[in-house]
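Undergrad: Encoded as structure tokens, here's the structure I'll be asking about.
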Amino acid sequence: MADKSDKADKGVKDVFKQVYDLWEKSAGEQIEKLARSQTFLSALAQNLEQTLNFSGRMKEISQTTLGVMNLPTRQDVEALNKQLRAMRNTLDEINEKLDILLPKEPEPEPEPEPEPEPTPKAKTRSTRAKKTK
């Protein structure tokens, strides 16, 4: 009995596979025709153009908003980073030239700090009144 159900399951699977393959073939042909049509390509190009326009407009709005809030934009931060790298490179070049021109002097040993002198303890007076008998 188990053999009959296994065969039935295999038969159902084969039928579904055949239907799927037939659908894939016919749908694939139609999708391929559509993808090569001038109408589809024009719509795709228009969509891409509108997406790029939208992205550019959002960038402008973001920059304007950040400017109004007195916050730096990405371009501001990138420009500062570029200037900082240039300054760092210039400083490295100056240090290299100084190393060539000036011989290194040994660093002087730090002077030991003098030990603090002990302060004499001040005599304290008792503010309590003495009990009299």
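Undergrad: Write down the accessible area per residue of the chain in Å², having rolled a 1.4 Å probe over the full set of protein chains.
TA: Details: 14270 Å² over 133 residues.
Averaged over the residues of the chain, the accessible area is 107 Å².
Undergrad: For the range 1-119, with the dipole built from +1 on Lys and Arg beta-carbon atoms and -1 on Asp and Glu ones, taken about the Cα centre, which of 79, 66, 108 lies farthest toward the positive end?
TA: It is 66.
Undergrad: Straight distance only, please: which aspartates and glutamates reach the Cα of residue 97 with their own Cα at less than 17 Å, same-chain residues fewer than 8 apart left out?
TA: Straight-distance partners of residue 97: 105.
Undergrad: Mind checking the angle between helix 38-68 and the chain's longest principal axis? C-alpha axes, 0 to 90 degrees, to the nearest 10.
TA: Relative to the chain, helix 38-68 is tipped by roughly 20 degrees.
Undergrad: Say we join alpha carbon atoms closer than 10 Å with springs in a Gaussian network model of the chain; which of 90, 119, 73 then has the biggest fluctuation?
TA: Maximum among the listed residues: 119.
Undergrad: What value, in deg cm²/dmol to 500, does the helix sum -39500 (n - 2.57) over DSSP H runs of n ≥ 4 give at 222 nm once divided by the residues of the chain? Walk me through the intermediate numbers first.
TA: Working: 3 runs with 94 residues, N = 133.
So the helix-based figure for the chain works out to -25500 deg cm²/dmol.
Undergrad: Could you work out how far helix 2-36 tilts from the main Cα principal axis of the chain, as a 0 to 90 degree angle to the nearest 10?
TA: Value to nearest ten degrees: 80.
Undergrad: Counting other Cβ atoms within 10 Å, which trypsin sites (Lys or Arg not before Pro) in the range 56-119 have at most 14 and lie in a DSSP loop?
TA: Here the trypsin sites (Lys or Arg not before Pro) that fit, given the DSSP loop and packing criteria, are 104.
Undergrad: Once a ≥ b ≥ c are taken as the square roots of the eigenvalues of the Cα gyration tensor of the range 44-123, is the result rounded (a/c under 1.5), prolate (a/b larger than b/c) or oblate (a/b not larger than b/c)? Don't skip to the end; give the middle numbers.
TA: Working: a/c = 6.54, a/b = 2.12, b/c = 3.08.
In terms of gyration-tensor shape, oblate.
Undergrad: Quick one: net charge around residue 99, please, counting Lys, Arg +1 and Asp, Glu -1 for every other residue with C-beta under 13 Å from its C-beta.
TA: Numbers: positive: 97, 104; negative: 92, 93, 96, 105.
So the surrounding residues net to -2.
Undergrad: Run the accessible area of the range 1-123 with a 1.4 Å probe and give the carbon-and-sulfur part as a rounded percent.
TA: 59 percent
Undergrad: Further question: What dipole magnitude, in Debye to the nearest 20, does the chain give about its Cα centre under +1 on Lys/Arg Cβ and -1 on Asp/Glu Cβ? List each step's numbers first, then the result.
TA: On the way: 23 positive and 23 negative charges, 337 e Å.
Computed charge dipole of the chain: roughly 1620 debye.
The values are calculated or read from the model by the stated rules, or taken from the named source; none is laboratory data. Nothing here was measured: the structure is a model prediction, and the numbers come from that model. All Cβ positions, glycine included, derive from the backbone under ideal geometry; neighbour counts span all protein chains shown. Only protein heavy atoms, including side chains, enter the accessible area calculation; ligands, DNA and RNA are left aside. Shrake-Rupley method; radii C 1.70, N 1.55, O 1.52, S 1.80 Å.
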